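Notes to accompany the following structure.
The values are calculated or read from the model by the stated rules, or taken from the named source; none is laboratory data. What you see is a predicted model, and the numbers here were worked out from it, not measured in a lab. Every residue, glycine among them, receives a Cβ derived from its backbone with ideal geometry; neighbour counts consider all protein chains shown.
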Amino acid sequence: MAGVELGKSVAYTDRYDASLLQPIPRSLSRAALGTELAFLGFDLWHAYELSWLSPGGLPKVAIGEFRIPADSDCIVESKSFKYYLNSLNQTVFDSAEALCEVVARDVSAVVGAEVTLTLHDLDGDYPGFSPVAGRLLDGLEIETSVYQPDAALLSAAAPATQVQAAQVFSHLLKSNCPVTGQPDWATLWIQYSGESIDDASLLKYVVSFRQYEGFHESCVERIFTDLKTRFTIDSLCVYARYTRRGGLDINPIRVTPDLQGMPLPFVRTLRQ
């Protein structure tokens, strides 16, 4: 982390500069999982402040949707991504397609995998808010004082049962950026088939991330791994929708191979 510029005083530039992008190896957080990774998926980033110039000098704006594969070597450090996107503001591109080609190439080079970029017109048909399917956990009456992740909080439902495509969610996922200490807020959605998990224990576990320092991606991967390790689960999806900072939101989704390519269960929460 010594080379990361986040937290240092850095001037914004409005001229294209791919060197602003900084990678962070996924191995830094995955080493702590202590088990063979059993998930597929991707990180869904949205850039709400994407802008550039046409050849005639007219500003263009769009919402950029990035998909970064979960098997990439690295993630993009988020503040460096903001600096990079800002460097496009006064940069001329011949077309939106040319912009996509350059930006997707740059981000792909940093993360070590093929990244896709889709642009959405602000006046076009862009997905809006959608309800979160499943059972909300947040109304459960629990007591807890554990605010660091602890898989021992998780327990199976009693009596023991098997479930198919059970869906639960919570708006109480919070963690802290490991570089700046700023809070990150998310809605967590889980779908699973297999051994039934006790709802109260799952909510305690979600809340236990409250003072944890971890990147969005690593939090989701730890939750996925803890659930897969702790219970006999045949099928699992863990999906988090984080609130945005600096015009960027990051929404990791991790799935077992049988769910690879599944439609996103919801596309945007009210807090986003």
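Considering segment 194-212 alone, what residues qualify as being assigned to a helix (DSSP H, G or I) and hydrophobic (A, V, I, L, M, F, W, C)?
Going through segment 194-212, the residues assigned to a helix (DSSP H, G or I) turn out to be 199-207.
Passing the criteria: Ala200, Leu202, Leu203, Val206, Val207.
Mind checking which pairs have a first residue in segment 1-29 that is outside the structural domain of Ile68 (by TED's automatic domain parsing) and a second that is of a type in the set (Lys, Arg) and modelled with pLDDT of 85 or more, Cβ under 7 Å, 6 or more apart or different chains?
Matching pairs, first to second residue: Leu6/Lys79.
Which ones in segment 142-164 are in contact (Cβ under 8 Å) with a residue 24 or more places away in the chain and aliphatic (A, V, I, L, M)?
Answer for segment 142-164, where residues must be in contact (Cβ under 8 Å) with a residue 24 or more places away in the chain and aliphatic (A, V, I, L, M): Ile142, Val146, Ala151, Leu153, Leu154, Ala156, Ala157, Ala158, Ala160, Val163.
For (1) in contact with a strand residue (DSSP E or B) (Cβ under 9 Å, 6 or more places away or on another chain); (2) closer than 23 Å to Ile75 by Cα; (3) assigned by TED's automatic domain parsing to the domain that holds Glu221, each residue gets a yes or a no:
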| residue | (1), (2), (3) |
| --- | --- |
| Gly139 | no, no, yes |
| Ile142 | no, no, yes |
| Ser145 | no, no, yes |
| Ala158 | no, no, yes |
| Val168 | yes, no, yes |
| Thr180 | no, yes, yes |
| Trp189 | yes, yes, yes |
| Ser196 | yes, no, yes |
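Looking only at segment 216-241, how many residues end up being in a strand (DSSP E or B), of a type in the set (Lys, Arg) and surrounded by fewer than 22 Cβ atoms within 10 Å (Cβ to Cβ)?
0
Taking segment 4-48 as the search range and keeping residues that are of a type in the set (S, T, N, Q) and loosely packed, with under 14 Cβ neighbours inside 10 Å, which one is modelled with the lowest pLDDT?
Looking only at segment 4-48, we keep the residues that are of a type in the set (S, T, N, Q), and these are 9, 13, 19, 22, 27, 29, 35.
Retained after the next criterion (residues that are loosely packed, with under 14 Cβ neighbours inside 10 Å): 9, 19, 27, 35.
Details: Ser9: 58, Ser19: 95, Ser27: 91, Thr35: 68.
Filtering segment 4-48 for residues that are of a type in the set (S, T, N, Q) and loosely packed, with under 14 Cβ neighbours inside 10 Å, the one modelled with the lowest pLDDT comes out as Ser9.
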